[in-house]
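Everything below concerns the one structure shown next.
The values are calculated or read from the model by the stated rules, or taken from the named source; none is laboratory data. This structure is a prediction, so every number in the text was calculated from the model and none was measured. Methodologically, a virtual Cβ is constructed for each residue, glycine included, from the backbone with ideal geometry; neighbour enumeration extends over all protein chains shown.
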Protein chains: 2
Amino acid sequence: MTDLTIRRATGDDLPAIVAMLADDPLGATRESPDDLTPYRTAFARIDADPHQHLVVAERAGRTIGTLQLTVVPGLSRKGSTRTIIEAVRIHADERGTGLGTDLIQWAVGRSRELDAELVQLTSDVTRTDAHRFYERLGFVPSHVGFKLTL
Amino acid sequence: MTDLTIRRATGDDLPAIVAMLADDPLGATRESPDDLTPYRTAFARIDADPHQHLVVAERAGRTIGTLQLTVVPGLSRKGSTRTIIEAVRIHADERGTGLGTDLIQWAVGRSRELDAELVQLTSDVTRTDAHRFYERLGFVPSHVGFKLTL
């Protein structure tokens, strides 16, 4: 198996990233992979913000995973910086290969480099496999995640 | 009762904000209100990031509440921008006065102005009163919030 590369996403990665966002039980109902226009606008916002780290995982020239890491400075916990992991997706052909672990470990390592003291993420209550996965990686399900759609 | 003002926090607000962070069952164990040095460093990071909105609520010259709103652009949900509410604190003398509602409604309104389509927050599983409060304001407890301390 060739080596895995995790690198900053570019505009050229958008079709592959959006396809992964859509190929998901929850994502299927809320993405529009046939029209990349809104994603291009959003990508420009992400790319212009130095506190956003949108990455893709690549192996043998194929884009097989993605996640977004956001750096959030804060006052609580003695002025700790935290990072937030969002939009973790693994290509359907690559699930169960350990790629999810590689991606999350990359995010945790990058968070340390960025002097974060806490990494956090939320996972839909229906994604019970994901919950076991995050707990195996040391994450603690200590919080309830609330959302309000505007 | 004089009018409530919700405004951007300045360095001069740090003693009052940190006192509120510390005057809390969870915060008491992890804050150091007697040494503001780490908070001043963190405040400079927050203040320099245009996607952070750290505010205080003020009434009759007293600082009585605080929260931090973070704007996170993203690709998922057709390129939606979301905001994250963190570090919500109400002065002990002001709990039960509706100030929490005012602060969260301010954050929701500001999120709309910033073209966000989703507001999210996490709350420690032990804060059951807070959970009921957020549900009354329309937030849905659809996610599990995971944290990893580095």
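Worth a mention:
- Scope region B:28-41; condition at pLDDT below 95 and closer than 23 Å to A:Thr70 by Cβ; matching residues: B:Arg30
- Within region A:140-150, if we keep just the residues that are aliphatic (A, V, I, L, M) and part of a strand (DSSP E or B), the residue that is nearest to A:Ile6 (Cα to Cα) turns out to be A:Val140.
- Matching entry among B:Leu21, B:Leu67 (being in contact with a Ser or Thr (Cβ under 7 Å, 6 or more places away or on another chain), in contact (Cβ under 8 Å) with a residue 12 or more places away in the chain and of a type in the set (A, V, I, L, M, F, W, C)): B:Leu21
- Complete set of residues in region B:106-124 that are surrounded by fewer than 18 Cβ atoms within 10 Å (Cβ to Cβ) and either on the phi > 0 side of the Ramachandran plot or without any contact (Cβ under 8 Å) to a residue 24 or more places away in the chain (or both): B:Gly109, B:Arg112, B:Glu113, B:Asp115
- Residue that is surrounded by the fewest Cβ atoms within 10 Å (Cβ to Cβ) [pool: residues in region A:26-41 that are in contact (Cβ under 8 Å) with a residue 24 or more places away in the chain and out of contact with any strand residue (DSSP E or B) (no Cβ under 8 Å at 6 or more places or on another chain)]: A:Arg40
- A:Arg40 falls short of the stated requirement of being within 30 Å of B:Val18 (Cα to Cα) and within 12 Å of another protein chain (Cβ to nearest Cβ).
- Restricting region A:97-150 to residues that are of a type in the set (Lys, Arg) and more than 7 Å from chain B (Cβ to nearest Cβ), the residue that is farthest from B:Thr122 (Cα to Cα) is A:Arg110.
- Checked against (1) of a type in the set (Gly, Ala, Ser); (2) within 29 Å of A:Gly96 (Cα to Cα); (3) assigned to a helix (DSSP H, G or I), A:Ala44 passes all but condition (2).
- Of everything in region A:11-32 that is part of a loop (DSSP other than H, G, I, E, B) and more than 10 Å from chain B (Cβ to nearest Cβ), the residue that is farthest from A:His91 (Cα to Cα) is A:Pro25.
- Pick from region A:42-71, criterion at pLDDT 95 or above and surrounded by fewer than 14 Cβ atoms within 10 Å (Cβ to Cβ), ranking: farthest from A:Arg110 (Cα to Cα): A:Ala44
- Within region A:86-105, tally of residues that are among the aliphatic types (A, V, I, L, M) and surrounded by fewer than 13 Cβ atoms within 10 Å (Cβ to Cβ): 1
- Given (1) surrounded by fewer than 18 Cβ atoms within 10 Å (Cβ to Cβ); (2) touching a helix residue (DSSP H, G or I) at 6+ places or on another chain (Cβ under 7 Å), number of the condition B:Thr10 does not satisfy: (2)
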